[in-house]
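The values are calculated or read from the model by the stated rules, or taken from the named source; none is laboratory data. Note that this is a predicted model, so its numbers are computed, not measured. Cβ placement follows ideal geometry from the backbone for every residue including glycine, while neighbour counts extend to all protein chains displayed. Remember, those area values only see protein heavy atoms, side chains included, never the ligands or the DNA or RNA. Shrake-Rupley method; radii C 1.70, N 1.55, O 1.52, S 1.80 Å.
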Amino acid sequence: MITHTGGCHCGRVRFEVIAPARIAVTECDCSICSKAGYLHLIVPGDCFTLVSGREVLTRYTFNTGTAKHLFCSVCGVKSFYVPRSHPDGFSVNARCLDPGTVESMTVRPFNGKDWEQARSEYKDE
Ligand SMILES: [Zn+2]
């Protein structure tokens, strides 16, 4: 396990996340992820630290309201959020990690359009 760093486009939102150097990420086809091209790196709550930018984060919720979609109000990039599938953890956007620490990335699909069904079949690693 190593510490990756990352953040939004304008640099106001910065975070650290503890995860393997070879990460497995999820590409979800739900209504919001497919439009954003979001790649999920799911981590427990204590593996994520928001370093800066709390004051510029804007929250967006829809449907069940469980997921707290957080994005930078300056540049609009959603670099992490609290997902419905893991309300006690974080989903980091693998596209927002700084280059240099990720040795490899495998992408697996998640059928978020049929969320209830997909979640019941989804196995955490
Ligand atoms: Zn920003």
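Summing charges over all other residues whose Cβ lies under 11 Å from the Cβ of H9, with Lys and Arg as +1 and Asp and Glu as -1, gives +3. Largest GNM mean-square fluctuation among A21, A36, A67, using the chain with Cα springs under 10 Å: A36.
Spatial offset of the range 1-22 relative to the range 27-98 amounts to 13 Å, using the alpha carbon center of each. For L70, the solvent-accessible surface computed with a 1.4 Å probe is close to 30 Å², ligands and nucleic acids excluded.
Given N residues in the range 55-125, what is Rg(Cα) / (2.2 N^0.38 Å)? Spell out each step's value before the answer.
Details: Rg = 13.9 Å, N = 71, 2.2 N^0.38 = 11.1 Å.
It is 1.25.
Converting phi to 3J(HN,Hα) with the Karplus coefficients 6.51, -1.76 and 1.60 and the offset θ = phi - 60°, the range 72-80 yields 6, 6, 8, 9, x, 7, 9, 8, 6 Hz in sequence order, with x at every glycine or proline.
The alpha carbons of the chain give a radius of gyration and a Dmax of 13.7, 37 Å, in that order.
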